[in-house]
Amino acid sequence: MSKFLPSLGTFAKGTAATAAGLGTIGCGLLYYGQNYLIYPSAFPPGARLDVPVPTDYGLQYEDLDLVTSDGVTLRSYLLPQKKNLNNSHAVDVPHPINQTDEEFASTRPTVMMFHGNGGNHGHRIPLAKVFHVRMRCNVLMLSYRGYGHSDGSPSELGLCIDAQTALDYVLSHPYLSKTPIILYGQSIGGAVAIHLASKNPSKITALILENTFTNLPRLIPSTLPLLAPLSFLCHQKWDSASKVPLIPRSTPILMLSGVKDEVVPHVHMQELWEIVCRRQGTKRAEQDHIGETTVDGDKLGEGTKEEGASTDTKKEEESRSGTGTGEIGSGLSKFIEYEAGFHNDTCVQPGYWATVSEFVAAVGQAHEHASRL
C-alpha cells in the first residue's frame with residue numbers, strides 16, 4: 001500500500017512547486033494587470049458610457065476633441081469665458097464696453113483640470129462650474145485616454161501624453177495662450193499635473209494639488225496591504241517626489257490635504273510639501289515666524305487658518321504656509337489641511353473654495369503685474 005502513497009518529501013516538493021507556480025501566476029497577473037487596478041475607468045458602472053455634459057449644469061461649453069501624438073482621440077470639454085455669462089451666480093468682472101468675448105477670455109486665468117482615477121471628467125463638472133462661474137476662469141476639462149468617451153487605454157505614459165496634448169492646445173490657442181495657466185489635479189491627477197509642470201517649467205503659472213502622493217509603489221502597502229510584498233512589481237511609478245524639484249522655485253503651488261484621507265495617507269502630502277520647501281531653497285524651520293501672504297510686497301491677509309482646516313498651533317500653521325519670504329512660489333505657495341477631509345470629500349470641506357479662489361486671484365494679480373514689467 002505504501003508504494004501507492006507519495007512520500008512526505010515528494011508531497012512537499014509538489015506543494016512547493018504548486019505554490020511557486022501560483023505565485024508566478026499571481027505576480028504575472030499583478031504585473032500585467034495592474035493598469036486595471038490603477039485606472040478603473042469603468043467605475044462606477046456606466047462611466048465609459050454615461051458622461052455628463054456642462055449644459056446639464058447650466059454651462060455653455062465646446063466639445064474639444066484632441067488628437068495625441070500617438071493617434072488617440074481625447075473627447076474633452078472647453079469652457080471659455082465670456083463678458084457676460086448666462087448665470088445668476090456669475091461674478092461680475094469689469095471690462096471695457098467694446099471688448100470682445102475673446103479679448104475678455106484672454107485676460108482671465110485658464111484652469112486645466114486633471115481628475116482622479118475613478119469616474120470620468122463629466123463627474124467633475126460641479127468643480128469646473130466653481131472655477132468658471134465664481135472665479136471667471138477658462139476651464140479645460142481633459143478626458144484621459146480610456147476614460148469616458150475617449151479612445152485608447154490608460155497608462156502612465158499615455159496620460160502624460162494626454163496632458164501634454166492638452167497643454168499644447170492651450171499654448172497654440174489664439175487667446176488662451178495669453179492667459180496664466182493653472183493646473184488643478186486631484187489624486188492621480190495631481191501626479192499628472194506635477195509631471196506636466198516639470199516638463200514645461202516656463203509654461204505653467206501655478207499648480208493646485210489635492211490629496212496626491214509621493215509615488216505610486218509607496219502607496220500600495222496602505223491601499224492594497226496584501227500586495228505590499230509585491231510593490232516592486234508596480235511599473236506605473238508616478239514619481240512626483242522626484243519631479244517636484246524640477247518645477248521652478250517661482251511657481252506657486254497650493255496643496256490641499258484631507259487629514260482623514262483613507263486612500264492616500266496624509267503623510268504623502270506632508271512629504272511633498274517638504275519637497276516643495278526644499279525645492280525653493282527654504283526650510284520649514286525658517287518659516288516659523290512668517291504669517292502673512294504677500295504678492296510683490298503687498299499684504300493679502302494673515303495666516304492660513306480657516307473653518308474646516310487644521311487647528312494646529314499658530315507656529316505650526318505658519319510653518320506650513322510658504323508665505324512672506326518671496327521665495328516659495330513668489331510668496332503664494334501654501335499647504336492647507338482639512339481635519340475632517342477624506343479622499344473624495346476634501347473639495348467640499350468648509351473654506352476649501354475660498355482658499356482656492358484667493359489663490360487663483362493672487363496668481364492672476366501677480367501674472368498681470370509681471371506682464372506689465
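The values are calculated or read from the model by the stated rules, or taken from the named source; none is laboratory data. Small disclaimer: the values here were computed from a predicted structure and weren't measured. Quick reminder, even Gly has a Cβ in these numbers, built from the backbone with ideal geometry, and neighbours come from all protein chains shown. Protein only, heavy atoms only, side chains kept; ligands, DNA and RNA dropped before computing areas. Shrake-Rupley method; radii C 1.70, N 1.55, O 1.52, S 1.80 Å.
Remarks
- The accessible surface of region 107-219, taken with every protein chain in place and a 1.4 Å probe, is 52 percent carbon and sulfur.
- Between residue 343 and residue 42, the FRET efficiency estimated from the beta carbon spacing at R0 = 22 angstrom works out to 0.70.
- Residue 95-residue 369 FRET efficiency (beta carbon distance; Förster radius 30 Å; 0.05 resolution): 0.95
- In region 175-257, Cα pairs under 8 Å separated by at least six residues give a relative contact order of 35 percent.
- Legend: distances between Cα atoms for 129/260; 260/334; 82/178; 203/243; 83/334; pairs beyond 23 Å are 129/260; 83/334.
- Model label zone, residue 203; criterion: amide N under 18 Å from point 7 Å along Cα-to-beta-carbon; scope region 101-136: 109-115
- With R₀ fixed at 22 Å, the C-beta to C-beta distance from residue 246 to residue 274 puts the FRET efficiency at about 0.85.
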